[in-house]
1. Quick check on region 279-378: what does the Kirkwood estimate of hydrodynamic radius come out to from the alpha carbon pairs, in Å?
2. Going highest first, how would you order 350-362, 321-333, 415-427, 293-305 by mean Cβ packing within 10 Å?
3. With the cut-off at 32 Å, tell me which of the pairs Lys131/Lys496; Lys57/Lys192; Lys435/Lys496; Lys12/Lys449; Lys449/Lys496 have Cα atoms farther apart than that.
4. Which value in Å is the Kirkwood Rh of region 328-431 over different Cα pairs?
5. What is the calculated FRET efficiency for Val248 to Glu323, with r their C-beta to C-beta distance and R₀ = 35 Å, to the nearest 0.05?
6. Over the Cα atoms of region 84-165, Rg to Rh with Kirkwood Rh, two decimal places?
7. Obtain the nm distance between the two label points defined at Thr239 and Tyr493 by a simple spin-label model: each point lies 7 Å from its Cα along the Cα-to-C-beta direction.
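Every read-out reported here was derived from the displayed coordinates using simple, explicitly stated rules and does not represent laboratory data. On a predicted model such as this, the values are computed, not experimentally measured, just so you know. Using ideal geometry, Cβ is built from the backbone for each residue, glycine included, and neighbour counts are taken over all protein chains shown.
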Amino acid sequence: MKWERKLDLLRKKSIEQTLELTTEEGHRLKRNLGPLDLAFLAVSVCVGAGIFSVSTKVMTQNAGPSTIVSFVLAAVVCGLAAMCYAEFSTSIPVSGSAYSYTYTTLGEIFAWIIGWDLILELFLATAVIAKYWAIYVSDALNVFGVDVVLSFRVGDFKVDYGAAIVVLFFTVLLSIGTKLSARITNIMTCIKIGIVLVIIFAGFTYFSWNNLSPFIPEQIVGSGTAADVLTNTLWGTITGLGGGHFGVGGMFAGAAIICFAYVGFDTVATAAEETRNPKKNVPIGIILGLGIVTVLYVSVAFVTCGMVNYVDLSEFAASQGREVSLATAFLYHGAEWQSAVIAVGAAVGLTTVIMVELFGVSRIIFAMSRDGLFPEKWSKTSAKRMTPVGITVVIGVIAALTASLTSVDELADMINIGTLSAFVMVSIGVIFIRKNAAAHNIDQSNTFKVPFFPVLPILSALFCFVLMLNLTNITWIRFGVWLLVGFIIYFGYSRKHAKIDNC
């Protein structure tokens, strides 16, 4: 293929050109995933990230009992974006997810921004969840009388070696092949769904409607200090309506935070190139996975909010020197065995999340490398297993070091802003891909179509942007710095080496 290198920042790849790249020798991926594999992939990354590490945080810090509505709002927004992903992934069944889709519709500069955002989202999620995993594993072992500390100190410096070990383990597993990884994911996902069901039914035994009042707590107004301004939401700053701590603003801020818990279907789209019959199986996997997760999330949120008053839960956790979690809610009632089940379930649940997030970031970089935006050698696949072993290992090692050596908890909101920005681009891009297909007489009869077009894609982009505005000012500042670094790399290297010809 003859490539042109032009300075046009909006140059695009055609759908045909994008699909042609998937057949290049030495840069191909093996198609061996079915619809259930994809659905389990979505559920595995969601059940864990949301239920075990987000729900009670939102309940005690942002929304109170209205956390239930926050989950529903997030599900609606992500559901709209999921349909846009489904149309894209069946029209362009390649690795790279939102990055690849944006390259064919909005142009290279927007594709770079989304790819760079997705790297931030998935890489940081791998590191953050690995740290949570180490904490929950220690708690689970302590339940059975085994005192294991998965960290050590060198002076004042803390090294979380447990987080590094789990990342490196799944790095090796993903290097072996996605089918084996998917089978292990499916087994562990079944286990943790069972544990979540136990949590739901056990929690109902402590349920009281009184704990749901007031359903939308009165908003807490900050003192106006610099720290308050940084932790205030951008929407609250613009409108002067206050931050995201309770009230209606807190409910929307909670929905923005909870979006992190629904990123599983994005990973499903990333796996389109490794899927058998992607035009049929990818939409099934996305919609089925999102439906299962939504039912589980809303059920857990409803039970948790009804088990214990959000204020009492926060005060109890502080008195015990513990982080607020589902396990803390059961300990509040003296239910130690349920707390033990949750500790084990969280350890199992977060394990698969790490693997899926690591899978996603390696495939994004693989796709960008194959397009020349990163060094092309990063997209080399092994001749035998047809997996990008090199980049998977490199990313795994860097993620392991980040998880073990860095305190990344305060950056967790950046996962959400990366996710939502990708949702906005994909929602807008669907409109352009329909227009492009019609202009070039491309047959899309076998692709999934977003209903009520173009109203739903427009609403999806709008709702996602509204949730982005409900993230904190400090998150937007950090996001701006990340984008600045990305632009330096793009204009310094990627634009010159991009393999593209305009169609």
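1. Working: mean 1/r = 0.0589 Å⁻¹.
Every distinct Cα pair counted, the radius reaches 17.0 Å.
2. On the way: 350-362: 28.0, 321-333: 20.0, 415-427: 26.0, 293-305: 22.1.
Per-residue Cβ counts within 10 Å, averaged per peptide and sorted highest first, yield 350-362, 415-427, 293-305, 321-333.
3. Numbers: Lys131/Lys496 38 Å; Lys57/Lys192 20 Å; Lys435/Lys496 29 Å; Lys12/Lys449 22 Å; Lys449/Lys496 36 Å.
The answer is Lys131/Lys496; Lys449/Lys496.
4. Values: mean 1/r = 0.0589 Å⁻¹.
About 17.0 Å, per the Kirkwood formula over Cα pairs.
5. Values: r = 27 Å, r/R0 = 0.76.
E between Val248 and Glu323, to the nearest 0.05, is 0.85.
6. Numbers: Rg = 19.7 Å, Rh = 15.8 Å.
Expressed as Rg/Rh, it is 1.25.
7. About 4.2 nm separates the two model spin labels.
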